[in-house]
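Engineer: What follows is a structure written as structure tokens; I'll ask about it next.
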Amino acid sequence: MSTSKEQAAISQVMAFLREWDQGNKMVRSRMLQEFVKQHQGKTCPALELEFAQVASLFLARLTAWLRLTYMFGTCLGLQLKAVGVFLSASSNHRYLIEFLEVGGVLTLLEILGQNQTKEEDKAEALHLLQIVSNAGRKYKELVCESYGVRAIAECLATSQIESTQETAQLLLESLAHGNPKYQNQVYKGLIALLPCTSPKTQQLVLQTLRVVQDIVKVAYPSIVEPLLNSLKSLHLEVQHEALELITELRHYEVRPALLKGLVALLKPVKERVQKYKILEDSEMTKMTESLPLFVQQAAAAKAIRMLAQGSEELSTELLHLRVVHHLLYAMGNQSHADAQRQASLALEHFVQTYPLVEEHVRRAMGQTLFQLFMLNAEILYMKMDEIQADILHSNKVNIAEALENQKSDTAKVCEPSCFLRFYKMSKLRSAVQKGKKVSLENTGTVKRSKRQVSAVKEEPIEAESSSYHYFQNPEDIGSFRSNLLSWYDQTKRELPWRTVAMTEKDINVRTYAVWVSEIMLQQTQVATVIDYYNKWMKKWPTVEKLAEATLEEVNQMWAGLGYYSRGRRLHEGAQKVVSELGGEMPRTPEQLLKQLPGVGRYTAGAISSIALGQVAGAVDGNVIRVLCRARAIGADSTSPAVTEALWKIAETLVDPQRPGDFNQSMMELGARVCTPKNPLCNQCPVKTHCHAFKKVSVKQQKECKTLQSKLNPAVNGSTPDIESCVTTGPCQLCLSEPWDSQLGVQNYPRKPSKKAARVERTLVCVLEREKVGEEKEYLLSQRPSKGLLAGMWELPGVLEEEGSSEMKLKKSLCAEVGKLLGVLLDKEPLEFVGEVVHIFSHIHQTYVVYSMVCPDHKNREKSTVRWITTSALQEAAVSTGVKKIMKLYESKKNLKGDNTKDKKRKGSASKDEKKPKKVKESGGGKQLSLTKFFSPSKTNQ
């Protein structure tokens, strides 16, 4: 029997729907405005409650009107925003599926393809497609099958608004993380966009290509020419991304073509270098068509330097391509100073590394010019006259031929003298800067008189850091705090743990809730954590509830979040709080550090400031990046000196009135504005306090003044000096490498190279048994209580030892399975299923999967062994790797049927397994059946 309140709600909804059905365009527009305003950000249950459990009726009307009117632009923006309210609120994909059932994806893609569609409406359509893509792999497939890649790529290429371009870029990147058979589709689409004329589009395409390249793992030859052409761009952002992609492609099969192309760019084709007028400005001189070619020449020289410095093997390949001859040619190009400078710096590397190159370059330059080159290669172009430039331009140096002639003397050619020569060059330049008279001989050493030598007493120099890297002025500290907190109050994200920290009055519950969030957020993205956090807190809202849980329940809840030791330590900590601390959470950073397992200095500071309101700093990865840029700290961010400096700065800055909000605002700034790549410096609330931002601004002003003075000598003006660190000796916080103007603020921070992941191969067995009338079951064993995936359940397996034969490995796997069952299985047949790759943080794991039907034996039950059904396995405490293996097994089983013959494994799958299943393409843009995307897959993808 319905209550009067429910009847009133139903009547209200029916009145709303009647008004919609009978209303004209103006009425519906008004209703949409009110709907979006009142329901933006509401959850699925909230919408259902508002619409008396029939919200789908309004969604159906809304999508039908959208399909009928999108070509005419009738309230299109409002329609898309209203649909977005439903799709964003969907936690179980209910509204999303209803929207897709009526052709929602094709509608959105057609909106993108309409020339008359407004830019803001395209942005809304892209936003909705992003929601669809983020819903899961099947939904990504739906977008790709509907020719979505082409439509999104065209939108990226033609859009004039940066926010729309960025949304399209993120959507393409998201699609690339889906089904592997569509990754090449995205990759090829991005390559096709490289020649576009929009600099912003080029920048975004290059950024996305770098991400997709790492996913695809194969470089297409078609990428070389458009990538090299992008070096012509006069925009530094485009050039930077192109150079980064070039350095990453050195590991792929396109490397020879790439190196050959770069060397060729050092010597532009003469017929193409023709002057013509492109600017009509009385205050600027004529520019030439050759400018893009010369910019490309300079960028190619810089790329060659980066590649050669990173690999001796690449240096040798470049020498055989006559790179020295081409660099000398570029150094003689007096029409473009940057090309000369970059070529000089690149040539300096080869001269310092190879004595043979030094000998030939000295002869080509002449003694006078060579001395200037050795003193300071970067400014050589400023001291070069036309005759010397012409000599370089017409050089005949052929190092490749010389290398062939000296094959018998390889040791001389490849003498590792780089460090020694660099040391001598540094001494020489230091002496010149101090005004001392020096002479340069073949060895590049400094000559001094005996009196000078005896007067110089070398003493060890201790590294230090100056006040430049710290906040000293109280006014600056106050301004930094107020600007940052004001920005945070206006733009902060609404996150569940923040809500608990602000609203929960029980200090014990509040501290526990923040502790859980901080542990989950370690090395895991916020978007991933939210669902896990909500489920966790719903099941174990207090530390006492968590302490009562079993480790298996915790592992089951944590499955898929990764770094499983974090969940185990949370459980151990909860039990310790209940058993040893009387159920009371620690109250200070020191107590948190000492009493909770898995809590380090950052976590203790974050919990105590956010949950307890104590004045404590918190330095995580985001904060490290913000502080390193703000204070120009360029040394290794993991070194003890830098670590202590960052903590000192953080504890100085933290606001005593709002410590929790301040620490969260620093993290928020690093996550959303001061990002690792493409930071949004113009949106930064504390950019006036950022040394890195100031340095980039001053350098840009100087470059602008230099360019103006070259174009018009009458223009002159002073530019501010770059504030820098001043110490009596080496600074332990400053950049240890030269400043790269292409990187800008991204010069900070510098991190050490990551240790390569350990490669392992493990043979696993899917052991199946079936009882009459019951669901099939599979054998799992429990891992040890310590170490990787501690306490989790896994399939029986053995680690593959190097050099072991396949027969021996299979025998070991049978023995392991038999050990678990308590029977002898050394002759049981194993059927090869396939291979599954799973990446841990430090291990690149390949599972070689076999299957076996359980023999009819009476098994001895063990506490560490269990049989589990397929449906129960999805909810059990198993890792993502196990789920991948079972998905592969089920797909192969469905594909082959029960009569599959035993196939011997020969290092990889058979030809039939490698051959992809043909998929019939849909014609005419027809919406595909959704059953294909939401039913279990029948093929191994």
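Engineer: Could you give the nm distance between label points at ALA757 and THR638, where each point is 7 Å from its Cα heading toward the beta carbon?
Structural biologist: Taking the two extended label points, one gets 1.6 nm.
Engineer: Using a Förster distance of 56 angstrom, determine the FRET efficiency expected from the C-beta separation of ASN398 and SER579, and round it to 0.05.
Structural biologist: The formula returns an efficiency of 0.10 here.
Engineer: Between TRP739 and LEU799, what FRET efficiency comes out of the Förster formula 1/(1 + (r/R0)^6) with R0 = 51 Å and r the beta carbon distance, rounded to 0.05? Walk me through the numbers on the way to the answer.
Structural biologist: Numbers: r = 47 Å, r/R0 = 0.91.
Approximately 0.65, to the nearest 0.05.
Engineer: Suppose the chain between ASP476 and GLN40 were pulled fully straight at 0.36 nm per residue; how much longer would it get relative to their current alpha carbon spacing?
Structural biologist: Values: separation 436, 0.36 × 436 = 156.96 nm, distance 3.86 nm.
Between ASP476 and GLN40, full extension yields 153.1 nm more.
Engineer: Could I ask something else about it? Taking a ≥ b ≥ c as the square roots of the eigenvalues of the Cα gyration tensor of the range 588-661, is the shape rounded (a/c under 1.5), prolate (a/b larger than b/c) or oblate?
Structural biologist: Values: a/c = 2.53, a/b = 1.45, b/c = 1.75.
It comes out oblate by the Cα gyration axes.
Engineer: Turning to a different aspect of this structure: Starting from the Cα-Cα distance between ALA8 and ASN179, subtract it from 0.36 nm times their residue separation and give me the gain in nm to one decimal.
Structural biologist: Working: separation 171, 0.36 × 171 = 61.56 nm, distance 4.78 nm.
Extending this stretch completely gives an extra 56.8 nm.
Engineer: Let a ≥ b ≥ c be the square roots of the eigenvalues of the Cα gyration tensor of the range 11-119; is it rounded (a/c under 1.5), or, if not, prolate (a/b larger than b/c) or oblate? Intermediate values should be presented prior to the final figure.
Structural biologist: Details: a/c = 1.82, a/b = 1.28, b/c = 1.42.
Judged from the Cα gyration tensor, the range 11-119 comes out oblate (a/c at least 1.5, b/c at or above a/b).
Engineer: Modelling each spin label as a point 7 Å along the Cα-to-Cβ direction, I'd like the SER467/MET807 distance in nm, to one decimal.
Structural biologist: 7.9
Engineer: Please give the peptides 661-667, 600-606 ranked by average Cβ packing (other Cβ atoms within 10 Å per residue), highest first, as a rough proxy for protection. Provide the component values of the computation, followed by the final result.
Structural biologist: Numbers: 661-667: 23.9, 600-606: 21.0.
Top of the packing list down: 661-667, 600-606.
Engineer: GLY136's amide H: which non-local residues (gap 5+, or another chain) put their own amide H closer than 5 Å, with H modeled 1.01 Å from N in plane and none for Pro or chain starts?
Structural biologist: Those qualifying (amide H under 5 Å, at least 5 residues apart or on another chain) number zero.
Engineer: Pick out, from ILE607, TRP647, MET557, the residue whose Cα sits farthest towards the positive end of the charge dipole of the range 506-654, with +1 on the Cβ of Lys and Arg and -1 on the Cβ of Asp and Glu.
Structural biologist: TRP647
Engineer: Once the piece of chain linking ALA60 and GLN367 is laid out straight, how much longer is it, given 0.36 nm per residue of separation minus the C-alpha distance between them?
Structural biologist: 102.3 nm
Engineer: Run the 1.4 Å probe and let me know the accessible area of TYR889, rounded to the nearest 10 Å².
Structural biologist: Near enough 20 Å² of accessible area.
Engineer: While we're here: Under 5 Å between amide hydrogens, which residues at least 5 positions from ARG761 or on another chain qualify, with H placed 1.01 Å from N in the peptide plane?
Structural biologist: When sequence neighbours closer than 5 places are left aside, the close amide H contacts are GLU800, THR846.
Engineer: Between VAL766 and residues 5 or more places away or on another chain, which pairs have amide H atoms under 5 Å apart, with H built 1.01 Å from N, and which residues are they?
Structural biologist: TYR850, SER851, MET852
Engineer: Please find the FRET efficiency linking ARG493 to GLN523, where r is the Cβ-Cβ separation and R0 is fixed at 22 Å, and quote it to the nearest 0.05.
Structural biologist: Numbers: r = 19 Å, r/R0 = 0.87.
After rounding, the FRET efficiency stands at 0.70.
Engineer: A follow-up question, please. Tell me whether the range 24-88 comes out rounded, prolate or oblate; compute the Cα gyration tensor, take square roots of the eigenvalues as a ≥ b ≥ c, and use a/c under 1.5 as the rounded threshold.
Structural biologist: Details: a/c = 1.91, a/b = 1.74, b/c = 1.10.
It comes out prolate by the Cα gyration axes.
Engineer: Separate question: Inverting the mean 1/r over all pairs of different Cα atoms, compute the Kirkwood radius of the range 301-340 and quote it in Å. Let's see the in-between values first.
Structural biologist: Numbers: mean 1/r = 0.0940 Å⁻¹.
Here the Kirkwood hydrodynamic radius works out to 10.6 Å.
Engineer: Let me have the relative contact order for the range 83-211, percent, based on Cα pairs under 8 Å that are six or more residues apart. Working shown, then result.
Structural biologist: Values: 137 pairs, mean separation 27.2, N = 129.
For the range 83-211, the relative contact order is 21 percent.
Engineer: Karplus couplings for the range 141-148 from phi (6.51 cos²θ - 1.76 cosθ + 1.60, θ = phi - 60°), rounded to Hz, Gly and Pro as x?
Structural biologist: Each residue's phi maps through the Karplus curve to give 4, 4, 5, 5, 5, 8, 6, x Hz.
Engineer: If you don't mind, another one. Send over a whole-number figure in Å² for the accessible area per residue of the range 552-627, probe 1.4 Å.
Structural biologist: Details: 2760 Å² over 76 residues.
Value for the range 552-627: 36 Å² per residue.
Engineer: Each residue of the range 250-258 in turn: what ³J(HN,Hα) in whole Hz from Karplus with 6.51, -1.76, 1.60 and θ = phi - 60°, glycine and Pro shown as x?
Structural biologist: 5, 8, 10, 6, 7, 4, x, 5, 5
Engineer: Apply the Karplus curve 6.51 cos²θ - 1.76 cosθ + 1.60, θ = phi - 60°, to the phi angles in the range 609-619 and return the couplings in whole Hz, x for Gly and Pro.
Structural biologist: Per-residue couplings from phi come out as 7, 6, 8, 10, x, 8, 7, 9, x, 8, 10 Hz.
The values are calculated or read from the model by the stated rules, or taken from the named source; none is laboratory data. What you see is a predicted model, and the numbers here were worked out from it, not measured in a lab. Using ideal geometry, Cβ is built from the backbone for each residue, glycine included, and neighbour counts are taken over all protein chains shown. The protein model used for the area step is the full one, side chains on, heavy atoms only, and it has no ligands, DNA or RNA in it. Shrake-Rupley method; radii C 1.70, N 1.55, O 1.52, S 1.80 Å.
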